[in-house]
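Structure first, then comments.
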Amino acid sequence: MSHPKYPHLFEPLDLGFTTLKNRVLMGSMHTGLEEEKNGYERMAAYYGERAKGGVGLIVTGGIAPNRAGWTAPFGSKMTNIKTANKHKEITQAVHDNSGKICMQILHTGRYGYHPLAVAPSRIKSPISPFKPWKLSNMGIKRTIRHFVRAAKLAQHANYDGVEIMGSEGYLINQFVSTKTNKRTDQWGGSFENRIKFPLEIIRQTRAAVGENFIIIFRLSMLDLVDKGNTWEETVYFAKEIEKAGATIINTGIGWHEARIPTIATMVPRAAFSWVTKKMMGEVSIPLITTNRINDPKVAETVLADKHADMVSMARPFLADPEIINKSEQGREDEINTCIACNQACLDHVFEQKTSSCLVNPRACHETILNYTPTKNTKKIAVVGGGPAGLSAATTAAQRGHQVTLFEAQADIGGQFNLAKVIPGKEEFFETIRYFKKQLELTGVQVKLNHKVEKEELIGFDEIIISSGIKPRALKLEGVESEKVLSYEDVLKHKKPVGKRVAIIGAGGIGFDVAEYLTHENSSTSQNVEAFLKEWGVDYNNEVRGGIEGIKPKHEPSPREVYLLQRKETKLGKGLGKTTGWIHRKSLKHKNVKMINGVSYNKIDNQGLHVTIKEKPELLEVDNIIICAGQVSVNNLYEQLKEQSNVHIIGGAKLASKIDAKRAIKEGAELAASL
């Protein structure tokens, strides 16, 4: 019987020898658990919980077929029976929760962050310091055997199949593209020669594992790099992949070195499903589409519009392992939606830390952080309804404590209420919606517009101060001028801003204010076509790599904006590792003048007087917006800190950097311990 609301999403997918219970794939993500010392136990808990959450098929993070394919030294690899036996703990946990799981075989090629990296040709990648070694003919044949060996070992470990990673600019992609393959032997030159390597891997893998084993091939359908493939080549390749014995083709979008955002929060939802749609009907095996599908309604629309046979969601399963069950049961307002911030998942992996999730600190920490029912109910007061306070209040109440949340403002959300108005950060609305629902479900008593006094807190067993932050005032001559606004004046109080603006401070908030002022109600994150135009992507995918000869078209900024910082370092250096470049590029599209090494002299009727590179200058601006950091609002804590039952978290504890990831984590960990 089909699901009344999501008939396509919950339709089983028959693969002949096995059936997937719905059309959702949990896409591959490297989490860092692969390299932890008790990693198998932790991965079993992590994947087991997602299988229990109802997903149709899981793909693991990338596992190398040999040492040269490592992401980094001592990265995870599948090369012997001893390792395969350890993986049985993972597959057992998934199968016990009636799930299915494939292991991704990933050879990084020239992206390998180590001196043993290999590639079809000796060309260094722009995102790795190591120049790869050129694979010999023997080396290529050996690598193919290693892929097959990894698949056989995955089968021994009771995986339901493998995904062969052929996209994102990794080794297989490097063979397929003339950008990275300059060979003149049988593995280079013509397109037929360049695709021999992946086709041999699929053929030999199919022969080794037999018919009743899933082989997903992750195909780069839109390279987003110069000298990428044409659509005709991609279609020809897909047909050959099917003939070679693949069960399913998954879509890859963009190489890692591409300078076009594909998964960050300013990318519209399902912004690239049209790429997979173009392939529908060209092959007869199922196609999976991917990127920024974080919501059941979006997934259903993608499937109903025949953009794909199946949707891949990766990070949404970090944010909420129960997303599928909640969708099926009509509990969508309880979904903890992925906001695509990358701060605790991708950024962590690139910094060699274990992944987690900004909105769900339990992600990848399922054996460490648990919210067990309390045996000793306490009366808990939480002061401040920003991210830290919301996390603490809902977690404590979920455990069975009696919680009262005091919030001085008219609404919960704290700094998230500022974030959600920034063009490209609309997903923050979802987190506030999620917490509102959690407050209701867990029975937290919420007192809004209530600035709490010390006396009101007598009688509570535990007091949690999470009163957040306020903008730091600047000591500067003329700072009292009407021209001067704080970031709160602009984002929260919507005070009018002139046509020429100087922003003092180029941290996260400075960048956000610049985005806000240069987009003026024209966010491309809600409009796929406008987004693709802004970044120079061919919506018809008719040019090489999807970008050749396409000039980005930017809507002009309604204002002239200067973004200034004292430090000599590059602006935006402190932004997320995987998203900072996007914010810089986005502001360049709007001609924002980004200037470092600035000293501020004074503000007067003429504007802002500064010194840049020892040269005095006058910026004739209508407004100066102060984004020079923030200070804690913790006066109440100062009055109460001698008491042993008083705790401080979030911005109230440390205001130097606005950090929602730390705030939510501190709230959850404290509430789990009370």
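The values are calculated or read from the model by the stated rules, or taken from the named source; none is laboratory data. Computed from a predicted model, the values in this text were never measured in an experiment. No Cβ is skipped: glycine too gets one built from the backbone with ideal geometry, and neighbour counts run over all protein chains shown.
Miscellaneous remarks
- Hits in segment 231-247 - residues which are of a type in the set (A, V, I, L, M, F, W, C) and either surrounded by fewer than 24 Cβ atoms within 10 Å (Cβ to Cβ) or farther than 23 Å from residue 212 by Cα (or both): 231, 235, 237, 238, 241, 244
- Some residue of segment 51-65 being under 23 Å from residue 342 (Cβ atoms), in a loop (DSSP other than H, G, I, E, B) and assigned by TED's automatic domain parsing to the domain that holds residue 129: yes
- Lone qualifier among 201, 249 - being in contact (Cβ under 8 Å) with a residue 40 or more places away in the chain, hydrophobic (A, V, I, L, M, F, W, C) and assigned by TED's automatic domain parsing to the domain that holds residue 147: 201
- Residue count for segment 272-285, restricted to those that are within 14 Å of residue 305 (Cβ to Cβ), in a loop (DSSP other than H, G, I, E, B) and of a type in the set (A, V, I, L, M, F, W, C): 1
- Meets criteria (in contact with a helix residue (DSSP H, G or I) (Cβ under 9 Å, 6 or more places away or on another chain), in the same structural domain as residue 607 (by TED's automatic domain parsing), farther than 23 Å from residue 221 by Cβ and surrounded by fewer than 21 Cβ atoms within 10 Å (Cβ to Cβ)) for residue 574: yes
- Selection from segment 602-651 of residues that are buried (at least 16 other Cβ atoms within 10 Å of the Cβ), of a type outside the set (A, V, I, L, M, F, W, C) and in a strand (DSSP E or B): 607, 609, 623, 630, 632, 647
- Among residues of segment 577-592, those that are in a loop (DSSP other than H, G, I, E, B), surrounded by fewer than 22 Cβ atoms within 10 Å (Cβ to Cβ) and more than 15 Å from the chain's Cα centre (by Cα), counted: 2
- Within segment 497-510, restricting attention to residues that are modelled with pLDDT under 95 and not aliphatic (A, V, I, L, M), the residue that is farthest from residue 267 (Cα to Cα) is 505.
Listed here are the residues, each with its yes/no results for (1) closer than 25 Å to residue 216 by Cβ; (2) in a helix (DSSP H, G or I).
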{"residue": "116", "(1), (2)": "no, no"}
{"residue": "138", "(1), (2)": "no, yes"}
{"residue": "144", "(1), (2)": "yes, yes"}
{"residue": "148", "(1), (2)": "yes, yes"}
{"residue": "152", "(1), (2)": "yes, yes"}
{"residue": "155", "(1), (2)": "yes, yes"}
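- Subset of segment 304-327 [crowded, with 23+ Cβ neighbours inside 10 Å, outside any loop (DSSP other than H, G, I, E, B) and more than 17 Å from the chain's Cα centre (by Cα)]: 310, 324, 327
- Just one of the listed residues (369, 358, 346) is touching a Lys or Arg at 6+ places or on another chain (Cβ under 8 Å), farther than 20 Å from residue 394 by Cα and either acidic (Asp, Glu) or outside the structural domain of residue 33 (by TED's automatic domain parsing) (or both), and it is 346.
- Residues satisfying the stated conditions in segment 157-191, i.e. assigned to a helix (DSSP H, G or I) and β-branched (Val, Ile, Thr): 172, 176
- Verdict on residue 544 being out of contact with any Phe, Trp or Tyr (no Cβ under 7 Å at 6 or more places or on another chain), closer than 30 Å to residue 252 by Cβ, modelled with pLDDT of 95 or more and crowded, with 17+ Cβ neighbours inside 10 Å: yes
- Among the residues of segment 69-97, those that are assigned to a loop (DSSP other than H, G, I, E, B) and either in contact (Cβ under 8 Å) with a residue 60 or more places away in the chain or over 20 Å from residue 58 (Cα atoms) (or both) comprise 70, 71, 72, 73, 74, 75, 78, 79, 80.
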